[in-house]
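Asker: Following this message is one structure expressed as structure tokens.
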Amino acid sequence: MSRNYKFRNPEGLYFVSFATVFWIDVFVRMEYFDCLIKNLNFCVDNKGMEIYSWCIMPSHVHLVFKSTVQKPEELIRDFKSLTSKRMIALIKDNNQESRQEWLLNSFKKAGQANSNNNNNQFWQQHNKPIELWSAAVIEHKIDYTHNNPVVAGFVENDYEYLHSSARDYAG
């Protein structure tokens with residue numbers, strides 16, 4: 001990991017992005033979005049995560065967050081670990097998932113290629129944390145987070161995208 005991408009200040013406000021292995025579009029079904037949101041809410045309720053903005057894209061997640069209880073890198077690690085286990089179980093149990101075999105084989109292949117992993121790997125290992133140090137930088141990263149679905153062509157206005165906090169900012 002580059003020196004530019006480190007959690008240096010345990011009390012800082014951070015922008016992070018993390019993606020599924022091979023940039024696989026996993027988040028295409030409501031139950032998958034719901035799982036991710038449930039796990040974010042768990043971190044808010046039980047682990048001291050404060051979320052300022054979020055967006056779930058098909059293959060990646062953007063968050064502006066702060067950790068009030070544990071180190072931010074530990075919080076993100078725990079979130080990703082919990083989410084990966086639950087997502088893989090959801091995919092395994094989903095008889096409607098037409099890509100089930102391919103998805104599970106992809107996660108297994110990624111896990112086998114990673115010496116830090118024994119089994120499956122759902123998320124890429126890096127988070128690319130950027131500490132947000134000024135109001136202008138915070139506003140820029142929140143706008144970037146919310147505009148991701150617009151740039152991708154999913155919606156015309158950020159508040160139209162269901163899987164982000166843009167609606168909260170729009171009132």
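The values are calculated or read from the model by the stated rules, or taken from the named source; none is laboratory data. Note that the structure is a prediction, hence the values are computed from the model and not measured. Neighbour counts are summed over all protein chains in view; Cβ atoms, including those assigned to glycine, are modelled from backbone coordinates with ideal geometry. What goes into the accessible areas is simple: the full protein's heavy atoms, side chains included, and nothing from ligands, DNA or RNA. Shrake-Rupley method; radii C 1.70, N 1.55, O 1.52, S 1.80 Å.
Asker: So is A136 surrounded by fewer than 17 Cβ atoms within 10 Å (Cβ to Cβ), closer than 21 Å to I51 by Cβ and out of contact with any His (no Cβ under 9 Å at 6 or more places or on another chain) or not?
Answerer: Details: surrounded by fewer than 17 Cβ atoms within 10 Å (Cβ to Cβ): yes; closer than 21 Å to I51 by Cβ: yes; out of contact with any His (no Cβ under 9 Å at 6 or more places or on another chain): yes.
Against the criterion (surrounded by fewer than 17 Cβ atoms within 10 Å (Cβ to Cβ), closer than 21 Å to I51 by Cβ and out of contact with any His (no Cβ under 9 Å at 6 or more places or on another chain)), A136 qualifies.
Asker: Right, another one. Name the residues in region 31-71 that are more than 21 Å from L132 (Cα to Cα), in contact with a Lys or Arg (Cβ under 9 Å, 6 or more places away or on another chain) and open to solvent by 10 Å² or more (accessible area, probe 1.4 Å), would you?
Answerer: Of everything in region 31-71, those that are more than 21 Å from L132 (Cα to Cα), in contact with a Lys or Arg (Cβ under 9 Å, 6 or more places away or on another chain) and open to solvent by 10 Å² or more (accessible area, probe 1.4 Å) turn out to be C35, K38.
Asker: Still on this structure: Considering every residue within region 4-15, establish whether at least one is under 14 Å from the mean Cα position of the chain (by Cα) and either within 22 Å of K141 (Cβ to Cβ) or open to solvent by less than 50 Å² (accessible area, probe 1.4 Å) (or both). Lay out the reasoning, then the answer.
Answerer: Kept after step one, since they are under 14 Å from the mean Cα position of the chain (by Cα), are these residues of region 4-15: 14-15.
Within this subset, residues satisfying the condition of being either within 22 Å of K141 (Cβ to Cβ) or open to solvent by less than 50 Å² (accessible area, probe 1.4 Å) (or both) are 14-15.
Yes, region 4-15 has at least one match.
Asker: Can you spot a residue in region 99-118 that is surrounded by fewer than 19 Cβ atoms within 10 Å (Cβ to Cβ), closer than 20 Å to K6 by Cα, without any contact (Cβ under 8 Å) to a residue 40 or more places away in the chain and not polar (S, T, N, Q)? Even if it seems obvious, please write down each step before you answer.
Answerer: Step one: list which residues in region 99-118 are surrounded by fewer than 19 Cβ atoms within 10 Å (Cβ to Cβ), which gives 99-102, 104-105, 108-109, 111-118.
After this cut, where a residue has to be closer than 20 Å to K6 by Cα as well, the list is 116.
So of that shortlist, the ones also without any contact (Cβ under 8 Å) to a residue 40 or more places away in the chain come out as 116.
Filter once more, so that each one left must be not polar (S, T, N, Q): none.
So far as region 99-118 goes, no, none of its residues is surrounded by fewer than 19 Cβ atoms within 10 Å (Cβ to Cβ), closer than 20 Å to K6 by Cα, without any contact (Cβ under 8 Å) to a residue 40 or more places away in the chain and not polar (S, T, N, Q).
Asker: Another one. Can you pull out the residues in region 126-148 that are free of Cβ contacts under 8 Å to residues at least 24 places away in the same chain and touching a helix residue (DSSP H, G or I) at 6+ places or on another chain (Cβ under 7 Å)?
Answerer: N147
Asker: Only one of (1) more than 23 Å from I37 (Cα to Cα); (2) open to solvent by less than 40 Å² (accessible area, probe 1.4 Å); (3) touching a helix residue (DSSP H, G or I) at 6+ places or on another chain (Cβ under 7 Å) fails for S164. Which number is that?
Answerer: If we test S164 against (1) more than 23 Å from I37 (Cα to Cα); (2) open to solvent by less than 40 Å² (accessible area, probe 1.4 Å); (3) touching a helix residue (DSSP H, G or I) at 6+ places or on another chain (Cβ under 7 Å), just (1) comes out false.
Asker: Cβ-Cβ distance below 9 Å, separation of 6 or more or different chains: which pairs start in region 39-67 with a residue that is under 19 Å from P149 (Cα atoms) and in contact (Cβ under 8 Å) with a residue 12 or more places away in the chain and end on one that is open to solvent by 50 Å² or more (accessible area, probe 1.4 Å) and among the small types (G, A, S)?
Answerer: M57/A152; P58/A152
Asker: F27 passes all but one of (1) over 23 Å from R167 (Cα atoms); (2) touching a helix residue (DSSP H, G or I) at 6+ places or on another chain (Cβ under 6 Å); (3) part of a loop (DSSP other than H, G, I, E, B); which number fails?
Answerer: (1)
Asker: Which members of region 74-98 meet the condition of being open to solvent by less than 90 Å² (accessible area, probe 1.4 Å), charged (D, E, K, R) and within 18 Å of the chain's Cα centre (by Cα)? Can you show your working first?
Answerer: Filtering region 74-98 down to residues open to solvent by less than 90 Å² (accessible area, probe 1.4 Å) leaves 74-76, 78-84, 87-91, 94, 97.
From what is left, the residues that are charged (D, E, K, R) are 74, 78, 80, 97.
Selection gives E74, D78, K80.
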